[in-house]
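Undergrad: Below is one structure. I have some questions about it.
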Amino acid sequence: MNAIQNTTNLPAIEFKRFIQKFLKEIGVEVVEEGFSTSSKKKVQAMILGFEEEYSRPNLNSPHLTATLNITVNLSSESEESKVSQAILKLMSINGRTKGLPTYKLFSITPSNSSIAYVTESSIGEVNGSITLQFSYLMSIKE
């Protein structure tokens, strides 16, 4: 396992950036301001936020055990297979995945995923989501 990484940011930010980079490497366009309707052959992804829970291993420990949930939303106007493939590739992230932040990881688990079809608009679209859960040891500086 890797050593505890020192940082001035919440470690969750590093995991978020890792996922964004991973998505770009697999050909998914990462957007910040919402999905574009002009992406007929592209899959777009957006991370709207994350949720993290902590517990202290013992009373005087300078560390926290952190459980981070990051949800990735995906969208495409017509590429159902590519949305599904992106979800599957995100599910494949494990402790040997290149670029993963170097914290002491206990587990990486895809906790849920979904695909929904929007047929109300004249364009139509495929929306997917996946939540990845990272459990790791976090160091707190005093």
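The values are calculated or read from the model by the stated rules, or taken from the named source; none is laboratory data. Here the structure is a predicted model, which means the values were calculated and not measured. Here the Cβ positions follow ideal geometry from the backbone for every residue, glycine too, while neighbour counts run over all protein chains shown. Protein only, heavy atoms only, side chains kept; ligands, DNA and RNA dropped before computing areas. Shrake-Rupley method; radii C 1.70, N 1.55, O 1.52, S 1.80 Å.
Undergrad: Would you mind working out the accessible area per residue for the chain, using a 1.4 Å probe, and quoting it in Å²?
TA: Result: 59 Å² of accessible area for each residue.
Undergrad: Suppose we flag trypsin sites (Lys or Arg not before Pro) only when DSSP calls them loop and at most 12 other Cβ atoms lie within 10 Å. Which is the longest uninterrupted stretch of the chain?
TA: It works out to 42-95.
Undergrad: Moving on. Pairing the Cα long axis of helix 11-25 with the longest principal axis of the chain, what angle in degrees results, from 0 to 90 and rounded to the nearest 10?
TA: 40 degrees
Undergrad: Next question, about the same structure. Return one number: the angle in degrees, 0 to 90 and rounded to the nearest 10, between the long axis of the Cα atoms of helix 80-91 and the longest principal axis of the Cα atoms of the chain.
TA: 10 degrees
Undergrad: On to the next question. Quote to one decimal, in nm, the extra length available between residue 117 and residue 10 on full extension: 0.36 nm per residue of separation minus the C-alpha distance between them.
TA: Result: 35.0 nm gained on full extension.
Undergrad: Can I ask one more? Which of 110, 11, 62 moves the most in a Gaussian network model of the chain with Cα springs under 10 Å?
TA: Answer for the Gaussian network model of the chain: 62.
Undergrad: Can I ask one more? Calculate the spin-label point distance for residue 26 paired with residue 84, positioning each point 7 Å from the Cα along the beta-carbon direction, and give it in nanometres.
TA: It is 1.5 nm.
Undergrad: Quickly work out the residue 97-to-residue 127 label distance, labels modelled 7 Å from Cα along the C-beta direction, and quote it in nm with one decimal.
TA: 2.3 nm
Undergrad: Could you work out how far the C-alpha centroid of the range 62-141 sits from that of the range 8-27, in angstrom?
TA: After rounding, the separation between the Cα centres reads 11 Å.
Undergrad: Follow-up. Of 59, 100, 74, which has the largest mean-square fluctuation in a 10 Å C-alpha GNM of the chain?
TA: Highest fluctuation among the options: 59.
Undergrad: Still on this model: Where the accessible area of the chain is counted over protein heavy atoms with a 1.4 Å probe, how much of it, in %, is carbon and sulfur? Walk me through the numbers on the way to the answer.
TA: Details: 4050 of 8330 Å².
The C+S portion of the solvent-accessible surface of the chain is 49 percent.
Undergrad: Is it possible to state the helix-based mean residue ellipticity at 222 nm for the chain, with each DSSP H run of 4+ residues giving -39500 (n - 2.57), the sum divided by total residues, to the nearest 500 deg cm²/dmol? What is it?
TA: -6000 deg cm²/dmol, from helical runs alone.
Undergrad: Which residue, 72, 118, 30, tops the fluctuation ranking in a GNM of the chain built on C-alpha contacts under 10 Å?
TA: Largest GNM mean-square fluctuation: 118.
Undergrad: Once the dipole of the chain is set up with Lys and Arg at +1 and Asp and Glu at -1 on Cβ about the Cα centre, which of 57, 31, 119 lies farthest towards its positive end?
TA: About the Cα centre, the residue reaching furthest to the positive side is 57.
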